[in-house]
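To keep things clear, I will list the structure first and then write my remarks on it.
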Amino acid sequence: MSDTAKKPILFSGIQPSGHITLGNYIGALRNFTILESDYNCLFSIVDLHALTVRQDPAGLRRKTVELAALYIAAGLNPEESIIYCQSHVPQHAELAWILNCFTYMGELNRMTQFKDKAQKHKDNINAGLYTYPVLMAADILLYQTDLVPVGADQKQHLEITRDIAERVNAIHKGVFKVPEPYIPKQTAKIMSLTEPERKMSKSDPEDSFIALTDTPETISRKFRRAVTDSDGEIRYDPENKPGVSNLLSILSTLSGEDMDSLTARLSGQGYGKLKDETAQATIETLKPIQERFHQLMADKDYLAKVLTDNAERARYLANKTLRKVYKKLGLYQP
Ligand code: AMP
Ligand code: TRP
């Protein structure tokens, strides 16, 4: 990033848990690749966040490496962008502690993701799940981030990040950059294939999502079985036709055909055709990513080196902000 010092800073992260889905790709990863060249970017594998629900240790290690491979396979450049593991940069946890002291329980009580996850994991409503947004705020603020591309489900977490940054800045002038979210409308929320009123989620049953590593046969089968509706009309109307509108969003985004011409072209045709075209567009998009992914996974030494070198670059930047915070807050720094 040395010769590109003037570009604004972009930060985002994905958890190395479950399967990385088409929702993650369209809502996040794909936008990372589109924005990459205009920003100095950090793309984190947020493994500390993944610990808020129980993980199998071997599985977590494998998924961490797989996510690094997927970032690169999707087109991100680890020589330019900093692709790294959150746990390799201890400053995230250190800043999270400080920000905990600037976050109100009343704010955290309002977080819908906490309420959902607490509902799902009733036997393990741990304090980490509760303070998850504070660690996320630390991730972002640690790098004086300008822009954070995420899906719509993270909007509330971006708002609390901004509130925390502004609160700290009001007391200690100029500590943090206040970041902007980047949540393009059409791709903000890809829905489940089996329950199109809910977002596609990596922790739901297999048939409800497309994993980025699914075979072409599996992709075709899942789309063929996708829940639609019974009126037979191809029209973009997320409110009344969530299943059909979801397929249209996916197809339009991946094929590049704009929504109006797409619906005009398919209008009067059966849902079978829409499902088939959506499956084909997905298969074609994922094919080169999967090829590159398998090549990368065959070279674990390369991936380890990328993560090691990039963690070093991240620690350097993170340390600058953390020192500034400690100093401004009055922690004695001889
Ligand atoms: P996560 O899987 O929770 O770590 O999410 C990683 C990124 O993918 C975040 O920016 C999410 O907002 C985004 N994302 C996850 N699921 C979806 C979805 N169904 N539609 C759009 N974006 C999503
Ligand atoms: N909470 C995000 C999610 O589950 C992942 C995440 C953690 C993140 N830290 C972040 C996203 C910082 C953007 C910026 O989707």
Revision key, fill the gap. Whole-Hz Karplus couplings 3J(HN,Hα) for the stretch 6-12, θ = phi - 60° and coefficients 6.51, -1.76, 1.60, Gly and Pro as x, run 7, 5, x, 9, 10, 10, 8
Point to revise | Beta bridges per DSSP with both ends in the chain, % antiparallel, nearest 5 | key: 10
Check your understanding: Over all pairs of distinct alpha carbons, what does the Kirkwood formula give as the hydrodynamic radius of the stretch 206-294, in Å?
Key -> 13.4
Check your understanding: What net charge is computed for the residues neighbouring Ala58, neighbours being all others with C-beta under 15 Å from the C-beta of Ala58, Lys and Arg scored +1, Asp and Glu -1?
Key -> +2
Point to revise | Whole-percent carbon and sulfur share, accessible surface of the stretch 206-294, 1.4 Å | key: 47
Revision key, fill the gap. Which residues qualify? For Gly13, with a placed amide H closer than 5 Å and at least 5 residues away or on another chain, they are Ser44
Review point. Per residue, what accessible area does the chain have, given a 1.4 Å probe and all protein chains present, in Å²?
Key: 47
Review point. What accessible surface, in Å², does a 1.4 Å probe find on Lys177, ignoring ligands, DNA and RNA and rounding to the nearest 10?
Key: 90
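Compute, for the stretch 206-294, the length of the dipole vector about the Cα centre, with Cβ point charges of +1 (Lys, Arg) and -1 (Asp, Glu) only. Units Debye, rounded to 20.
Taking the Cα centre of the stretch 206-294 as origin, the dipole is about 240 debye.
Order Cys85, Cys101 by their accessible area, 1.4 angstrom probe, all chains in place, largest first.
On the way: Cys85 5, Cys101 90 Å².
The residues order as Cys101, Cys85, largest area first.
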Point to revise | Heavy atoms of Lys202: accessible area, 1.4 Å probe, square angstrom to 10 | key: 40
**Study point:** Area accessible to solvent at Ser255, 1.4 Å probe radius, in Å²
**Key:** 60
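Which value at 222 nm does the chain reach when only helices count, each DSSP H run of 4 or more adding -39,500 (n - 2.57), with the total divided by all residues and rounded to the nearest 500 deg cm²/dmol?
Roughly -16500 deg cm²/dmol at 222 nm, from the helical runs in the chain.
At a 1.4 Å probe radius, which order do Arg313, Arg62, Arg292 fall into by accessible area, largest first?
Values: Arg313 65, Arg62 125, Arg292 95 Å².
Accessible-area ranking of Arg313, Arg62, Arg292, largest first: Arg62, Arg292, Arg313.
Could you please state how large a percent of the accessible area of the stretch 59-175 is carbon and sulfur, counting protein chains only and using a 1.4 Å probe? Present the calculation step by step, with values, prior to reporting the outcome.
Details: 2690 of 4900 Å².
Exposed carbon and sulfur together represent 55 percent of the surface.
Hey, which of these cross-link pairs are over 30 Å Cα-Cα: Lys120/Lys241; Lys7/Lys185; Lys6/Lys287; Lys199/Lys328?
Exceeds cut-off: Lys6/Lys287; Lys199/Lys328.
At 0.36 nm per residue, minus the direct Cα-Cα distance, what do Leu35 and Asp258 gain on full extension? Give it in nm, one decimal, please. Please report the intermediate quantities before stating the final value.
Working: separation 223, 0.36 × 223 = 80.28 nm, distance 1.99 nm.
Stretched out fully, the Leu35 to Asp258 stretch lengthens by 78.3 nm.
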**Study point:** Solvent-accessible ranking of Asp237, Asp38, Asp301, largest area first, probe 1.4 Å
**Key:** Asp301, Asp38, Asp237
Revision key, fill the gap. Contact order relative to length for the chain, counting C-alpha pairs under 8 Å separated by 6 or more residues, stands in percent at 22
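The values are calculated or read from the model by the stated rules, or taken from the named source; none is laboratory data. Note that this is a predicted model, so its numbers are computed, not measured. Note: ideal-geometry Cβ built from the backbone for every residue, glycine included; neighbour counts use all protein chains shown. The accessibility values were calculated without ligands, DNA or RNA, using every heavy atom of the protein model including side chains. Shrake-Rupley method; radii C 1.70, N 1.55, O 1.52, S 1.80 Å.
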